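Undergrad: My structure is below; once you've seen it, I'll send some questions.
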Amino acid sequence: MIRRCLTLICLALLLPLSLASCQKEKSTQAEVIAPKSETLTIITPHSQQIRDAFEVGFSNWYRENRGGYVTIDWIVRGTPQCVQYIEDIFNGSAGPAVAKTPDLMFGGGITDHEELARKDRSARVDLSEAMTDIPAEVRGLPTRHPDMRWFATGLSSFGIVYNDDMCRQRGIDPPTTWADLGDPRFRGWLAIADPSLSGSHRQAMMLVLESEGWNEGWGTLLRALANTRALALGSNDVLRQIESGILLAGFAVNFDGLALAHATDGKIRYINPPNATAVSPDVSSVLRCASNARLASDFLRYCLSTDGQLAWGAKSEEHNAYGPTLYHYPIDPKIYTEFAGKLAVAENPYEVDFGISADRVERGQQYVPALIPLVDAACGENHVLLQQAWEAVVDAGMPQDALAELTKAPMDEAEAIEAGKKLESAGPEEAARTREEWSTMFRDRYEHVLEMVNGQKAPSSL
């Protein structure tokens, strides 16, 4: 009896230890089955193909290098809208459409990320170890912010995408230069996005102005705007319209144009206008509003790694990343030698001259504050009147006096840069007043052109 009691007492004492051991074992098993998973929120203008490739690639890289799991929550906007979304977060004016706070802005140009840095919206990040092999400049343009607030992870050029199949069916020679987009043969057949909604089309417009000079370039741009049916809501809309054959040609960033050309077996084609474009850094920034800045920084480390660079530029069959070929220029120069013959892009931007120098690209960036409202004034509510004036000039045989009046620059280059600076610092009422004055200026000009050609004023309802 005493022995039995001692046995029961021992069992009673050992039971909690056994239970604790079981619980610890179950807990360990649970950790193996369900490891820690993190979520990174990224705002980007990039396409679905790019988003998918980098989500899978980063997930694999993070698991191998950090031992954890990560998913990406994407916020997709045009480049200017990405910047505005971030600004709304910081100034407290975010509405119902701004429900998520991004950790990172992935993509866009130097101008966009310089604005974020200037307003202290981006965070300083030490990526010195990841940038070891990347020069401070490419073709004279910086690859990182001096205070490490943004970093270029790839390079892009800007050119023309066109539906070669439909051009030939309609007997229209495909475009080969910026000036071709302003030719009457494309009247009603061009697709161009509103530069306030598309960073790539805004950049292409600046390159037109820089390659041809402000005065001549404005004439080309104005004629191209007159050739459009209406300004599209973004670069993706433009690509869809051209692919379908609804419209024939338009601006594009190289990787979107080349990807579409490949997907359509060459029915769609992309070209860099010879000696009339530039290679520009594709930039990303970790944001100060980030809830997980460490994870956002790791995303940039992946983008700058060999795996990330191959995801950008290698043919799909030549890299381990998920998804199709992305046709992006890698930022790391060693990729071009170590993986020669395996890349989807033909040029090495560290060796090839695309035509427009870095100082001209930087000067072109100064046009942006004035360019967007000028395009809106010329081709917003005045678009129908612009089309009528252009049609009248073409049908009249392109008389030089009327053509010169229609296409002359609204102001000289220095005035445009100064006007843009004033708009940036202007209050809402002053900015609205300036925009209305510019709209009236273009309306009066188009009506004057119609009087010159037809001898009569356009209907006031327009």
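The values are calculated or read from the model by the stated rules, or taken from the named source; none is laboratory data. No experiment lies behind these values; they were computed from the predicted model shown. Just the protein is used for accessible areas: all its heavy atoms, side chains included, with ligands, DNA and RNA removed. Shrake-Rupley method; radii C 1.70, N 1.55, O 1.52, S 1.80 Å.
Undergrad: Tell me the angle of helix 368-379 to the major Cα principal axis of the chain, expressed in degrees between 0 and 90 and rounded to the nearest ten.
TA: It is inclined by approximately 50 degrees.
Undergrad: Need the list of aspartates and glutamates near Lys36 for cross-linking: C-alpha distance under 18 angstrom, and skip anything on the same chain fewer than eight residues off.
TA: The reachable aspartates and glutamates, counting only those whose Cα sits under 18 Å from Lys36, are Glu25, Glu55, Glu64, Asp73, Asp298.
Undergrad: At 1.4 Å probe size, with no ligands or nucleic acids counted, give the accessible surface of Cys289 in Å², nearest ten.
TA: 30
Undergrad: At each listed q (0.12 Å⁻¹), what is the log10 of I(q)/I(0) that the Debye formula gives for the range 55-170 modelled as equal alpha-carbon point scatterers?
TA: -0.62
Undergrad: What's the lysine pair count for the range 287-438 at a Cα cut-off below 26 Å, pairs eight or more apart or interchain?
TA: Count of close lysine pairs: 5.
Undergrad: So what's the back-of-envelope 222 nm ellipticity for the chain, counting only DSSP H runs of four-plus at -39500 (n - 2.57) apiece and dividing by all residues, rounded to 500?
TA: When only DSSP H runs of four or more count, the value is -16000 deg cm²/dmol.
Undergrad: Could you let me know the centre-to-centre spacing of the range 353-396 and the range 171-233, using Cα atoms, in angstrom?
TA: Going from one Cα centre to the other spans 7 Å.
Undergrad: Counting only protein heavy atoms and a 1.4 Å probe, tell me what percentage of the chain's accessible area is made up of carbon and sulfur.
TA: Result for the chain: 50 percent of the exposed heavy-atom area is carbon or sulfur.
Undergrad: For Thr39, what residues show an amide H to amide H distance below 5 Å, using hydrogens built from the backbone and excluding near sequence neighbours?
TA: When sequence neighbours closer than 5 places are left aside, the close amide H contacts are Thr71.
Undergrad: Another question, if that's okay. Which ³J(HN,Hα) values in Hz, rounded to whole numbers, follow from the phi angles of the range 306-314 under the Karplus curve 6.51 cos²θ - 1.76 cosθ + 1.60, where θ = phi - 60° and Gly and Pro get x?
TA: Rounded to whole hertz, the list is 4, 4, x, 5, 5, 4, 5, x, 7.
Undergrad: Given Cα pairs under 8 Å that are at least 6 residues apart, what percent is the relative contact order of the range 327-442?
TA: So the answer I get is 35 percent.
Undergrad: Let me ask something else. Would you mind telling me the antiparallel percentage of the DSSP bridges in the chain, rounded to 5?
TA: About 60 percent, rounded to the nearest 5.
Undergrad: Follow-up question, since we're still on this one. Tell me, what is a quarter of the convex hull surface for the C-alpha atoms of the chain, in nm² with one decimal?
TA: 29.8
Undergrad: Taking all protein chains together and a probe of 1.4 Å, list Ser291, Ser280 from the most accessible to the least accessible.
TA: Greatest to least solvent exposure: Ser291, Ser280.
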